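Below you'll find the structure, written out as C-alpha cells, and then a few comments.
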Amino acid sequence: MSAPTPETAEHSDDARASLEALRTEIAKAVVGQDSAVTGLVVALLCRGHVLLEGVPGVAKTLLVRALAASLELDTKRVQFTPDLMPSDVTGSLVYDARTAEFSFQPGPVFTNLLLADEINRTPPKTQSSLLEAMEERQVTVDGAPRPLPEPFLVAATQNPVEYEGTYPLPEAQLDRFLLKLTVPLPSRDDEINVLARHAEGFNPRDLHAAGLRPVATPADLEAARTAVAKTSVSPEIAGYVVDICRATRDSPSLTLGVSPRGATALLSTARAWAWLTGRDYVIPDDVKALALPTLRHRIQLRPEAEMEGVTADSVITAILAHVPVPR
C-alpha cells in the first residue's frame with residue numbers, strides 16, 4: 001500500500017473533522033445518544049444500513065432527521081403499516097391520459113436517508129421491497145432498473161416491547177443491515193435536560209430554529225470513505241475477526257451463528273472506527289468496539305438459553321472474552 005500524499009492526508013483530516021463535528025451539531029436536537037450517532041456515521045462510511053431498536057419516544061426519528069440536516073442530505077420518512085404496498089415505497093408506473101403513456105413516479109426510497117419507521121409493522125411482501133434497494137442500490141419497476149441517489153442509507157426502526165400485530169424481520173433480511181443499534185432510555189440528567197429544552201421552546205419539528213446547520217457535505221463523506229478504504233488490516237486482525245465469528249457458530253447457546261457476510265461487515269465497521277479515531281490501521285480494540293452492534297442481529301438464541309435470560313449481547317461479550325487477542 002502506497003504512502004498517502006500530504007494532500008490526501010489533509011483531505012482525510014478535514015473529512016474526519018467534519019464528521020466529528022456531527023456529534024456536536026446533532027446534540028443541539030438529540031440529548032445523550034452519542035453511541036447511536038456514531039453508529040449512523042460508521043454505517044454511512046461503510047455504505048451500510050442501520051436498524052434502530054428502542055421504545056417509543058427515545059428520539060429515533062429525530063436522530064435520523066438531525067443527522068440528515070447536519071450532513072446536508074435529502075431525507076424521507078415512511079410510516080410502515082399493515083396496508084402499505086411495495087409500490088408505496090419504491091414508486092410505480094402511472095398512466096398519463098394526455099400522452100397515452102405510462103411514466104414512472106419515484107417513491108420515497110429515492111432519497112439519501114430513508115427512515116423506515118416501525119418496519120416490523122408491515123407484511124413481508126412490503127418489507128422485501130427494500131431488499132433490492134438496500135443490496136443493489138437500485139429499484140426495478142417493469143423490468144427497468146433505476147439507480148438510487150448516492151449516498152443512500154436505510155435507517156429502520158422497530159419497537160422491542162410491542163409485538164402484537166407485527167411481522168418480525170426474517171434472519172436473511174436482518175443480515176442485510178450493517179448495524180443494529182439500541183437506543184436506550186436517557187439517564188435522569190439527560191431527561192431533565194430534554195425537559196428544560198422543551199420548556200425553553202425547543203420544537204423537534206423545526207430543526208432550523210434549533211440551530212442545526214450543515215457541518216459536513218456529501219463531498220466530505222466521499223473523501224472519508226476513500227480514506228477508510230485505505231485503512232490497513234493485518235493478517236492477524238483478519239484472523240481475529242474470523243475467530244470471533246466462527247466461535248458464534250460453535251456456541252451452545254445459539255442455533256445460528258454469524259455468516260461470512262457478518263465477518264466482512266465486522267471488518268468493515270472496525271476499519272471505519274479506526275479511521276474515525278485517527279488511525280490508518282486496525283487494532284483489536286476496534287473490532288471489540290463494533291462487535292456488538294455489528295453481530296447482535298446476526299445470531300439466533302436457542303429457546304432454552306433465552307428462557308434462562310441469555311441475550312445476544314451476553315453471548316458475544318463472552319466470546320470476546322475467550323477468543324485470543326492477537327499481539
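The values are calculated or read from the model by the stated rules, or taken from the named source; none is laboratory data. Keep in mind that what you see is a predicted model, and the values were worked out from it rather than measured. Cβ coordinates were reconstructed from backbone atoms using ideal geometry, including for glycine residues, and neighbour counts include every protein chain displayed. The area values use the complete protein model at the heavy-atom level, side chains included, leaving out ligands, DNA and RNA. Shrake-Rupley method; radii C 1.70, N 1.55, O 1.52, S 1.80 Å.
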Rounded to the nearest 500, what is the 222 nm mean residue ellipticity of the chain from helices alone, with -39500 (n - 2.57) per DSSP H run of 4+ residues and division by all residues? -14000 deg cm²/dmol
Could you tell me the number of lysine pairs in the chain with C-alpha atoms less than 22 Å from each other, where the two lysines are 8 or more residues apart or belong to different chains? 9
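Sort the following peptides by mean Cβ neighbour count (other Cβ atoms within 10 Å, averaged over residues), highest first: 318-324, 37-43, 109-115. Intermediate values should be presented prior to the final figure.
On the way: 318-324: 14.6, 37-43: 24.1, 109-115: 22.6.
Packing order, densest peptide first, comes out as 37-43, 109-115, 318-324.
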When only Cα pairs under 8 Å and 6 or more residues apart are kept, what is the percent relative contact order across the chain? 22
Fraction of accessible area attributable to carbon and sulfur, region 288-327 (%, probe 1.4 Å): 57
Bins of 10 Å from zero: percent of alpha-carbon pairs in region 206-284: 16, 34, 24, 17, 9, 0
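Please work out the average accessible area per residue across region 1-145, using the 1.4 Å probe convention, and give it in Å².
Details: 6550 Å² over 145 residues.
Accessible area per residue, region 1-145: 45 Å².
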Give me the base-10 log of I(q)/I(0) for the chain at each q in 0.08, 0.10, 0.12 Å⁻¹, Debye formula, one uniform scatterer per Cα, rounded to two decimals. -0.40, -0.63, -0.91
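How much of the DSSP bridge set in region 77-225 is antiparallel, in percent, rounded to the nearest 5?
Values: 10 of 17 bridges.
Within region 77-225, antiparallel bridges account for around 60 percent of the total.
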From Cα coordinates alone, what are the radius of gyration and Dmax values for region 185-327 in angstrom? 19.8, 54
Within the chain, what is the longest stretch that has no GluC sites (Glu not before Pro) placed in a DSSP loop and near at most 14 other beta-carbon atoms within 10 Å? 1-161
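Using C-alpha positions alone, give me the convex hull volume of region 111-228 per residue in cubic angstrom. It would help to have the intermediate numbers written out before the result.
On the way: hull volume 21.7 nm³, N = 118.
It is 184 Å³ per residue.
How long are the three semi-axes of the equivalent ellipsoid for region 107-171, computed from the Cα gyration tensor as the root of 5 times each eigenvalue, in whole Å, largest first?
Details: eigenvalues 113, 36, 15 Å².
Gyration-tensor ellipsoid for region 107-171: 24, 13, 9 Å.
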Dipole-positive endmost among 274, 84, 215 within the chain (Cβ charges, Cα centre): 274
Point-to-point label distance, residue 250-residue 87, nm (Cα→Cβ direction, 7 Å offset): 5.3
Residue by residue, what Karplus-based ³J(HN,Hα) values in Hz, rounded to whole numbers, does region 299-305 have, using 6.51, -1.76 and 1.60 with θ = phi - 60° and x for Gly and Pro? 10, 10, 6, 6, x, 5, 5
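Note down the magnitude of the dipole of the chain about its Cα centre, charges +1 on Lys and Arg C-beta and -1 on Asp and Glu C-beta and zero elsewhere, to the nearest 20 debye.
Values: 31 positive and 42 negative charges, 48 e Å.
Here the size comes out at about 240 debye.
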